Amino acid sequence: MKNTDLPSDDDKLQLANTFITSLKNNDWETMHSILAADASWTLPGTSLLSGPANGAGAIIKRAQGLKHFRVNFDLKHILIGLNGFTLSLHNTASRGDLILDEQVAIVFEVNGGKIVDMATYLSDVAGINAFFIAGI
């Protein structure tokens, strides 16, 4: 029996591509359009960008923060799940002698055609704690 409430694999793939493209192109209006108003995004660690981002506006602000720190997002894989998708990324950035180089997985939950929840998993939490600091 097929559950018609679940997003189709094509819908999930389209949302994944729209998210990463809008992030790379600073297209915040498009990114906002695929987020539920009450969506949330968690990021581990104690850095300036860590913790929960609750609401579409807060998610956009976090994405803009990543861009402020000049993070390069290299998409490795889009993984499709039952209720959402995961982006497998290799994120890099540098500032002086400080290097950010980590594997990242962002797990997205989809409902009603929108992203409702995002959770980031990192290979180097200490690295982001040192890299994403105030005053930059």
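The values are calculated or read from the model by the stated rules, or taken from the named source; none is laboratory data. Here the structure is a predicted model, which means the values were calculated and not measured. Positions of Cβ are backbone-derived with ideal geometry, glycine not excepted, and every protein chain shown enters the neighbour counts.
Against the criterion of being among the aromatic types (Phe, Trp, Tyr), assigned to a strand (DSSP E or B) and under 21 Å from Asp38 (Cβ atoms), Phe85 qualifies. Taking the criterion of being in contact with a helix residue (DSSP H, G or I) (Cβ under 9 Å, 6 or more places away or on another chain) and either surrounded by 17 or more Cβ atoms within 10 Å (Cβ to Cβ) or at pLDDT below 95 (or both), the residues of the range 11-23 that qualify are Phe19, Ser22, Leu23.
Rundown of residues vs (1) buried (at least 16 other Cβ atoms within 10 Å of the Cβ); (2) within 13 Å of the chain's Cα centre (by Cα); (3) under 19 Å from Asn26 (Cα atoms), yes/no style:
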{"site": "Pro52", "(1), (2), (3)": "no, yes, no"}
{"site": "Gln64", "(1), (2), (3)": "no, yes, yes"}
{"site": "Asp74", "(1), (2), (3)": "no, yes, yes"}
{"site": "Asn91", "(1), (2), (3)": "yes, yes, yes"}
{"site": "Val104", "(1), (2), (3)": "yes, yes, no"}
{"site": "Phe108", "(1), (2), (3)": "yes, yes, no"}
{"site": "Gly112", "(1), (2), (3)": "no, no, no"}
{"site": "Asp124", "(1), (2), (3)": "yes, no, no"}
{"site": "Ala134", "(1), (2), (3)": "no, no, no"}
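Scanning the range 102-126 for residues that are more than 22 Å from Ala16 (Cα to Cα) and touching a Gly at 6+ places or on another chain (Cβ under 9 Å) returns Val125, Ala126.
Restricting attention to the range 27-44 and to residues that are surrounded by fewer than 19 Cβ atoms within 10 Å (Cβ to Cβ), touching a residue at least 60 places away in the same chain (Cβ under 8 Å) and not acidic (Asp, Glu), the residue that is farthest from Gly84 (Cα to Cα) turns out to be Pro44. The numbered conditions (1) among the charged types (D, E, K, R); (2) in contact with a Leu (Cβ under 7 Å, 6 or more places away or on another chain); (3) in a strand (DSSP E or B) are all true for Arg62 except (3). Within the range 5-34, the set of residues being under 12 Å from Phe108 (Cβ atoms) and not in a helix (DSSP H, G or I) comprises Pro7, Ile34. Residue count for the range 110-127 satisfying the condition of being of a type outside the set (A, V, I, L, M, F, W, C), more than 14 Å from Leu49 (Cα to Cα) and touching a residue at least 40 places away in the same chain (Cβ under 8 Å): 5.
Within the range 112-132, work out how many residues are over 15 Å from Ala93 (Cα atoms) and among the aromatic types (Phe, Trp, Tyr).
Final tally of qualifying residues: 1.
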